[in-house]
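Input: a single structure, listed below in C-alpha cells.
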Amino acid sequence: MGRKRGQATRKQVPGTILREIMKVTRPEELVETLAIPHRARAAFWRLMELGPSVAPLVQAGLSHPHPSVRAHCCQYFDHYLTPDAYPDLLACAEDPDPDVRWQALHALECVRCKGDGWRPPVQDQELVADRA
C-alpha cells in the first residue's frame, strides 16, 4: 500500500522536527520552553533525553509561575526522582492547579516508572497516598 497524497511519512512528522530543533536549545532554556504550548512536549522529551544530568534545572521548574512548567517538571521527576527534588515535589502535591497535583502525586507514588532510581521512603509513600 502506498502513501496517500498529502499524508506525512514518519520522518516528516512536525513533532519530530521540533524535537530535533530542541536539541540545539540550551538545557537552561528548555524548562522555560515548557510554558509554550506548541513547544512544551518537544522540550519535555528533550529533557527526558538529557536524563538525570538536568535534574537541578528541572527542580527549579517545580516552583515556576506557569502551571504547565510545574506539571511537566513533575512528570520528569516521575522517571528521575532525586532526594533533593523530593521536598519540592511534595509541595507540588498541594498545588492550586489540578494537573500539577496529579502529576506530582503520580511521580511520588508510581514505582513502575522509576526503574532502579531513587524512591521515597515507605512511610512517606503512605503519607502521599493519604493526600490522594
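The values are calculated or read from the model by the stated rules, or taken from the named source; none is laboratory data. From a predicted model like this one, the values you see are computed outputs, not experimental measurements. Neighbour counts run over all protein chains shown; Cβ positions are idealised from the backbone, glycine included.
Per-residue answers, yes or no, for (1) surrounded by 15 or more Cβ atoms within 10 Å (Cβ to Cβ); (2) modelled with pLDDT of 95 or more:
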position	(1), (2)
Met1	no, no
Gln12	no, no
Ala35	yes, yes
Leu50	yes, no
Ser63	no, yes
His72	yes, yes
Pro87	no, no
Arg101	yes, yes
Arg119	yes, no
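With respect to Arg46, determine if the residue is under 21 Å from Asp97 (Cβ atoms) and in a helix (DSSP H, G or I). Against the criterion (under 21 Å from Asp97 (Cβ atoms) and in a helix (DSSP H, G or I)), Arg46 does not qualify. The single condition from (1) under 20 Å from Met22 (Cα atoms); (2) at pLDDT below 90; (3) among the basic types (Lys, Arg) that Arg131 fails is (1).
Here is the figure for the range 45-69: residues that are on the phi < 0 side of the Ramachandran plot and in contact with a Phe, Trp or Tyr (Cβ under 7 Å, 6 or more places away or on another chain) total 5. Only one entry in Ser53, Ser63 is out of contact with any Pro (no Cβ under 6 Å at 6 or more places or on another chain) and part of a loop (DSSP other than H, G, I, E, B), namely Ser63.
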